[in-house]
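Engineer: Before I ask anything, here is the structure I am working with.
Laboratory data are not the source of any read-out in this text; all were calculated from the coordinates shown. No experiment lies behind these values; they were computed from the predicted model shown. All Cβ positions, even for glycine, are placed from backbone atoms using ideal geometry, and neighbour counts span all protein chains on display.
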């Protein structure tokens, strides 16, 4: 009886083996389903990450425009523009990510690592990390994007198309002169009234900047190389550049982010424009503070401001239109030296 | 003794062994079938996945470095076809024809995106059948499993560079801000159009061209839609520079007009020349047209300088992938 029992026990054990094998097959089948599910989840996460990435430039541009408009309306500089804009962009990206999470169930985060000046002064560089998590899938990548501060149609940088409401303006003149009073905006130009003259009080020839004007919107000058501004004897290109209110790349002029902090010069590659005397008065000067914005707004003690010699760029109806350029800027814009 | 040997070789035991053998046989067979299916499925998924990823990598990224197509030697570069010149379309499935041409000339570059044992071909079929098919990587698939990926993309057909464009529709909505150099000498005869009161006028834009491009490209002026020769209103254009103002205008023609001689004559600078395009347009916005100055590699057939080719063309990008 005992021997029989042993034999049947062994056979029973052998009978279990196929059951184990069948169980293993079943486990394999289940795992296969999981791997298909993983692929689907992974694709979904990838596309949502792309969506979030595409929204960064749009939101950054909105934040930049709103920050600039806010500074223009109250005339107050902001202490650390890079941090402030970074936080504002991140806050809005968080709202956007929360929407994605509610709609798709994908846990997504967008961390803005930095907002800084780009190598092109008419762009702002945004560095961000996008983290996507769904189930056991985690995906993260670092994105570096350069966002244009020019008009909305910046695909063709010399396009004449512009959408006024979307253009970003120069905040620096408002930080420097708004509280002095008398500033206004006419025909897309900042008219300083008496504010600039008062700002320059104590500087020789400050009277010439009574009713001066400068461009309101930031627009890249198409007359590049800049030396061509002074090509013709009549300085037609220089006049046309002033009339159209263009900005020029500059090593000395501040970038947009530093302008928001009230600085006219900075270590970044920035831009500059002409602040043109009105030429309405009878007073004529041979020499006055150089008519470049970063020179005029150099600093409050005028240590950075320096004089320039008169350049008559247009003559009409007995009125000579002039501005003042030092030798360095004369060379940059190809304006002949005074002999 | 009798009992113990008899017990081992009973009919019950033989039947049990038979049953076990049958069960193991069925299990082994089932496992074999399922195993084959898993292998087949995972292999298919793997090829399909690699094909999909490779196509996405090509379409959605410009490559490493982003301007790889401009390099003389392709050591350590990773190809990508996304157009980076159009900043806003960085992820919009717009492909750069320059990158496509570079990949066509150096088809071995695609191997940097594929596993070692795989090969592929890549063909772009324009939806407009009058445009020729681009055989980017021409290889015949081996017998066996071939995975096919089909993506809808946009691409610029020819190596056309737009140097200037004037779009009255946009100006009608947003207004023109460009103050033209002609307005200093003849302000009344060079006024912008007034679309509200249907008064014709001039639209102008400044642009520049590098001297290197002036030497190596053919330049054309063309309109969209194509100008009809039978219209009552004769739209015209002037190309000059801020310092050399020209007052004599020329009429548009129905075909793109070669303007190399004008550009060469106006070029005085050593490295880059600035031009101003002036277009005289009617006051009826419904009959307005866009004007382009484009550059194509010197020697490109005038027939290829087509309006269709200025705008990105929709096409199917089809990639076939197989194991070598």
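Engineer: Fewest first, what order do B:83, B:119 take by the number of other Cβ atoms within 10 Å? Walk me through the intermediate numbers first.
Structural biologist: On the way: B:83 22, B:119 18.
Listing B:83, B:119 from fewest to most nearby Cβ atoms yields B:119, B:83.
Engineer: As a check on your grasp of the helix formula, calculate [θ] at 222 nm for the protein assembly as shown: sum -39500 (n - 2.57) over DSSP H runs of n ≥ 4, divide by the residue count, round to the nearest 500. Walk me through the numbers on the way to the answer.
Structural biologist: On the way: 15 runs with 223 residues, N = 663.
Per the formula, -11000 deg cm²/dmol.
Engineer: Turning to a different aspect of this structure: What FRET efficiency comes out for residue A:179 versus residue B:196 if R0 is 35 angstrom and r is the Cβ-Cβ distance? Round to the nearest 0.05.
Structural biologist: On the way: r = 40 Å, r/R0 = 1.14.
Step by step, r from the Cβ atoms, then E = 0.30.
Engineer: Working from Cα positions, state the angle (0 to 90°, nearest 10) between the long axis of helix B:11-60 and the longest principal axis of chain B.
Structural biologist: Helix B:11-60 sits at roughly 10 degrees to that axis.
Engineer: Between residue B:34 and residue B:129, what is 0.36 nm times their sequence separation minus the Cα-Cα distance? Round to one decimal in nm.
Structural biologist: Values: separation 95, 0.36 × 95 = 34.20 nm, distance 4.55 nm.
Difference between extended and current length: 29.6 nm.
Engineer: Within the range B:281-324, name every residue whose backbone N is under 16 Å away from a label modeled 7 Å from Cα of residue B:152 along the Cβ vector.
Structural biologist: B:312-318, by backbone N distance to the label point.
Engineer: Which three semi-axes in whole Å describe the equivalent ellipsoid of chain B, each the square root of 5 times a Cα gyration tensor eigenvalue, listed largest first?
Structural biologist: On the way: eigenvalues 929, 86, 48 Å².
Listed largest to smallest, the semi-axes of chain B are 68, 21, 15 Å.
Engineer: What FRET efficiency comes out for the pair residue B:98/residue A:141, r = Cβ-Cβ distance, R0 = 35 Å, nearest 0.05? Please report the intermediate quantities before stating the final value.
Structural biologist: Working: r = 26 Å, r/R0 = 0.75.
E(calc), rounded to 0.05, equals 0.85.
Engineer: Continuing with the same structure: Taking 0.36 nm per intervening residue step and subtracting the Cα-Cα distance, what contour gain separates residue B:14 from residue B:248 on full extension?
Structural biologist: Residue separation times 0.36 nm, minus the Cα-Cα distance, leaves 73.1 nm.
Engineer: Let me ask another. Arrange A:25, B:296 by Cβ neighbour counts within 10 Å, fewest through most, would you? Provide the component values of the computation, followed by the final result.
Structural biologist: On the way: A:25 17, B:296 20.
Exposure proxy ranking, most exposed first: A:25, B:296.
Engineer: Using a 7 Å offset from the Cα along the Cα-to-Cβ direction at both residue B:284 and residue A:284, what is the distance between the two label points in nm, to one decimal?
Structural biologist: Taking the simple label geometry, residue B:284 and residue A:284 are separated by 5.3 nm.
Engineer: Let me ask something additional. Can you work out the FRET efficiency for the pair residue B:26 and residue B:143, with r the C-beta to C-beta distance and R0 = 35 Å, to the nearest 0.05? Present the calculation step by step, with values, prior to reporting the outcome.
Structural biologist: Values: r = 34 Å, r/R0 = 0.97.
It comes out at approximately 0.55.
Engineer: To continue, here is another question. Quick one: work out Rg over Rh on the C-alpha atoms of the range A:169-333, Rh as Kirkwood radius. Intermediate results must be reported in sequence, preceding the final value.
Structural biologist: On the way: Rg = 14.5 Å, Rh = 15.7 Å.
In the range A:169-333, Rg relative to Rh is 0.92.
Engineer: Mind giving me the nanometre distance, one decimal, between the label points for residue B:73 and residue B:211, set 7 Å out from Cα along Cα→Cβ?
Structural biologist: 3.0
Engineer: With viscosity set to 1.002 mPa s and temperature to 20 °C, compute the Stokes-Einstein D of the range B:161-305, Rh being the Kirkwood radius across alpha carbon pairs; µm²/s, no decimals. Write down the numbers at each step before the final one.
Structural biologist: On the way: Rh = 15.7 Å.
My calculation gives 136 µm²/s for D.
Engineer: If you build the Cα gyration tensor of the protein assembly as shown and take the root of 5 times each eigenvalue, what three semi-axes come out, in whole angstrom, biggest first?
Structural biologist: On the way: eigenvalues 939, 214, 75 Å².
Equivalent-ellipsoid dimensions as semi-axes: 69, 33, 19 Å.
Engineer: With a cut-off of 8 Å between alpha carbons and a minimum separation of six or more residues, what is the relative contact order of chain B in percent?
Structural biologist: Values: 537 pairs, mean separation 78.2, N = 324.
Over chain B, the number comes to 24 percent.
Engineer: How compact is the range A:41-148 by the rule of thumb for globular proteins, expressed as Cα Rg over 2.2 N^0.38 Å? Before the final figure, lay out the partial values.
Structural biologist: Details: Rg = 15.1 Å, N = 108, 2.2 N^0.38 = 13.0 Å.
That ratio works out to 1.16.
Engineer: At a 10 Å Cβ-Cβ cut-off, how would you order A:24, A:183, B:319, fewest neighbours first?
Structural biologist: Values: A:24 13, A:183 20, B:319 23.
The fewest-first ordering by Cβ neighbours comes to A:24, A:183, B:319.
Engineer: So how many Å³ per residue does the convex hull of the Cα atoms of the range A:69-119 work out to?
Structural biologist: Hull volume normalised by residue count: 110 Å³.
Engineer: Now, a different point. Using a 7 Å offset from the Cα along the Cα-to-Cβ direction at both residue B:306 and residue B:265, what is the distance between the two label points in nm, to one decimal?
Structural biologist: That separation, rounded to one decimal, is 3.2 nm.
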